[in-house]
Amino acid sequence: MKKILFTNTYSFTPMVGAITKINPEEIYLIIDKKPDEHQKEAKEKLKNTFKHIKFKEIKTSVYEVYEIAKEIIKEIDKVYNEDINEIYIEILLLEEKQSLLVLCLVVMQEVIK
């Protein structure tokens, strides 16, 4: 069993707390298709700070909330079916609408199964 964290990639500092507390083996970084310098810097700091963690990216467009949620659900399904994994989703760093939609879709996905 492994711990997997899904998190937005915007600010380095808030992610450190979640990563330290959860101690995941894998992190899925939700990042813009065309990341700005702030996102690029946060991603590089994370990879340099947590070298023991495997990082993957989910590339999205900022305001395509449905597409973001769909991509996250697709990736969750992959890791959910691999093994008995603990999956964490850091929704506090996503924009409010993204957070609510992602949370609702994840809950609906679990109810449907």
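Somewhere in the stretch 99-106, is a residue modelled with pLDDT of 70 or more, hydrophobic (A, V, I, L, M, F, W, C) and surrounded by 15 or more Cβ atoms within 10 Å (Cβ to Cβ)?
First, pick out the residues of the stretch 99-106 that are modelled with pLDDT of 70 or more: none.
No, the stretch 99-106 contains no residue that is modelled with pLDDT of 70 or more, hydrophobic (A, V, I, L, M, F, W, C) and surrounded by 15 or more Cβ atoms within 10 Å (Cβ to Cβ).
Could you list, in sequence order, the residues of the stretch 11-31 that are among the β-branched types (V, I, T) and surrounded by fewer than 14 Cβ atoms within 10 Å (Cβ to Cβ)?
Selection gives T13, T20.
Tell me which residues, restricted to the stretch 58-78, are surrounded by 15 or more Cβ atoms within 10 Å (Cβ to Cβ) and either outside any helix (DSSP H, G or I) or aromatic (F, W, Y) (or both).
Passing the criteria: I58, T60.
Looking at this structure, is K34 of a type in the set (K, R), within 24 Å of V79 (Cα to Cα) and loosely packed, with under 15 Cβ neighbours inside 10 Å?
Against the criterion (of a type in the set (K, R), within 24 Å of V79 (Cα to Cα) and loosely packed, with under 15 Cβ neighbours inside 10 Å), K34 does not qualify.
Would you please list the contacts, defined by Cβ atoms under 6 Å and residues six or more apart or on different chains, that run from a residue in the stretch 21-45 that is in contact (Cβ under 8 Å) with a residue 12 or more places away in the chain and among the basic types (K, R) to a residue that is exposed (fewer than 15 other Cβ atoms within 10 Å of the Cβ) and outside any strand (DSSP E or B)?
Listed by first residue and then by second, the contacts come to K33/S61.
Just one of the numbered conditions (1) part of a strand (DSSP E or B); (2) polar (S, T, N, Q); (3) farther than 23 Å from K78 by Cα is not true of T7; which one?
Evaluating T7 over (1) part of a strand (DSSP E or B); (2) polar (S, T, N, Q); (3) farther than 23 Å from K78 by Cα leaves (3) as the failure.
The values are calculated or read from the model by the stated rules, or taken from the named source; none is laboratory data. Model, not experiment: these values are computed from the prediction. Glycine gets a Cβ as well: all are built from the backbone with ideal geometry, and neighbour counts include every protein chain shown.
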